[in-house]
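Following: one structure in structure tokens, then a few remarks.
The values are calculated or read from the model by the stated rules, or taken from the named source; none is laboratory data. None of these values were measured; they are calculated from a predicted model. Here the Cβ positions follow ideal geometry from the backbone for every residue, glycine too, while neighbour counts run over all protein chains shown. Heads up: the accessible areas ignore ligands, DNA and RNA and are worked out on the full protein's heavy atoms, side chains in. Shrake-Rupley method; radii C 1.70, N 1.55, O 1.52, S 1.80 Å.
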Amino acid sequence: MIRSRLRTLLLGSGSAAVMLAAALVPTTASASTPPTERSAADSRGSITQAESGALAGFWSCSIPPGYTYSDTQSTLSCGGTGFQTQYFVQPPSDSLWACTIPSGYTYSSVQNSLDCSVSGFRAKYFLRAPSTGLWACTIPSGFTYTNTQSTLDCSVSGFRTKYFLRAY
């Protein structure tokens with residue numbers, strides 16, 4: 001009886017130690033991507049990891065110049081007191097769902113997402129490299145448009161104009 005109680009106590013203590021160690025291990029730069037980035041998709045189909053640039057992503061306490069981010073998490077690893085926001089940063093690329101729209105890119109769709117903030121919903125954008133013949137939600141530098149349509153694709157709160165791009 002004492003032996004079975006001792007065995008139960010040791011098993012429970014070992015499990016608690018493993019869970020505590022897993023919780024305390026810092027989530028620093030990681031080669032693996034978060035589950036939401038293993039594949040990006042919109043109404044036009046799936047995008048593979050290589051096409052989305054997800055392989056080049058890493059967790060960071062800040063967003064380096066020239067990068068965008070596609071996910072956030074609260075962590076104690078970024079210094080300061082209490083929890084801080086950590087970002088899954090990536091170089092921008094065509095067909096990537098991202099939380100910001102980097103210079104030189106436009107977007108063709110937007111969705112409400114919990115990925116872009118640790119405190120609630122924010123817009124997440126489907127990035128597109130601008131090109132002639134692309135329906136886009138903004139008109140990037142060096143482009144004009146030849147047609148428009150009213151759509152729900154470009155806003156999380158109602159109809160907006162989408163533009164058919166043409167380079168000049």
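Is there a residue being closer than 30 Å to residue 159 by Cβ and either modelled with pLDDT of 95 or more or exposed (fewer than 12 other Cβ atoms within 10 Å of the Cβ) (or both) anywhere in the stretch 20-42?
No: the stretch 20-42 contains no residue that is closer than 30 Å to residue 159 by Cβ and either modelled with pLDDT of 95 or more or exposed (fewer than 12 other Cβ atoms within 10 Å of the Cβ) (or both).
Looking only at the stretch 93-110, which residues are open to solvent by less than 30 Å² (accessible area, probe 1.4 Å) and not in a strand (DSSP E or B)?
93, 95, 96, 99, 102
I need every pair where a residue in the stretch 100-112 that is at pLDDT 95 or above has its Cβ under 6 Å from the Cβ of a residue that is surrounded by fewer than 17 Cβ atoms within 10 Å (Cβ to Cβ), sequence separation at least 6 or different chains.
Every condition considered, the pairs that remain are 109/42; 110/156; 112/121; 112/156.
Quickly run through the stretch 73-89 and pick out the residues that are assigned to a strand (DSSP E or B) and either out of contact with any strand residue (DSSP E or B) (no Cβ under 8 Å at 6 or more places or on another chain) or free of Cβ contacts under 8 Å to residues at least 40 places away in the same chain (or both).
Of everything in the stretch 73-89, those that are assigned to a strand (DSSP E or B) and either out of contact with any strand residue (DSSP E or B) (no Cβ under 8 Å at 6 or more places or on another chain) or free of Cβ contacts under 8 Å to residues at least 40 places away in the same chain (or both) turn out to be 84, 85, 87, 89.
Those residues that are surrounded by fewer than 15 Cβ atoms within 10 Å (Cβ to Cβ), at pLDDT 95 or above and not hydroxyl-bearing (Ser, Thr, Tyr), I need them from the stretch 140-159; list them, please.
142, 147, 149, 152, 159
Please enumerate the residues belonging to the stretch 115-125 that are without any contact (Cβ under 8 Å) to a residue 40 or more places away in the chain and either among the hydroxyl-bearing types (Ser, Thr, Tyr) or surrounded by fewer than 14 Cβ atoms within 10 Å (Cβ to Cβ) (or both). Write out each step before concluding.
We begin by selecting, within the stretch 115-125, every residue without any contact (Cβ under 8 Å) to a residue 40 or more places away in the chain; these are 119-123, 125.
Answer for the stretch 115-125, where residues must be without any contact (Cβ under 8 Å) to a residue 40 or more places away in the chain and either among the hydroxyl-bearing types (Ser, Thr, Tyr) or surrounded by fewer than 14 Cβ atoms within 10 Å (Cβ to Cβ) (or both): 119, 120, 121, 125.
Given the condition open to solvent by less than 30 Å² (accessible area, probe 1.4 Å), within 15 Å of the chain's Cα centre (by Cα), within 25 Å of residue 163 (Cα to Cα) and modelled with pLDDT of 95 or more, answer yes or no: does some residue in the stretch 126-139 qualify?
yes
Every residue in the stretch 52-94 that is touching a Gly at 6+ places or on another chain (Cβ under 6 Å) and of a type in the set (A, V, I, L, M, F, W, C), please. Steps first, answer last, please.
Taking the stretch 52-94 as the starting set, the residues that turn out to be touching a Gly at 6+ places or on another chain (Cβ under 6 Å) are 88, 90-91, 93.
Result: 88, single match.
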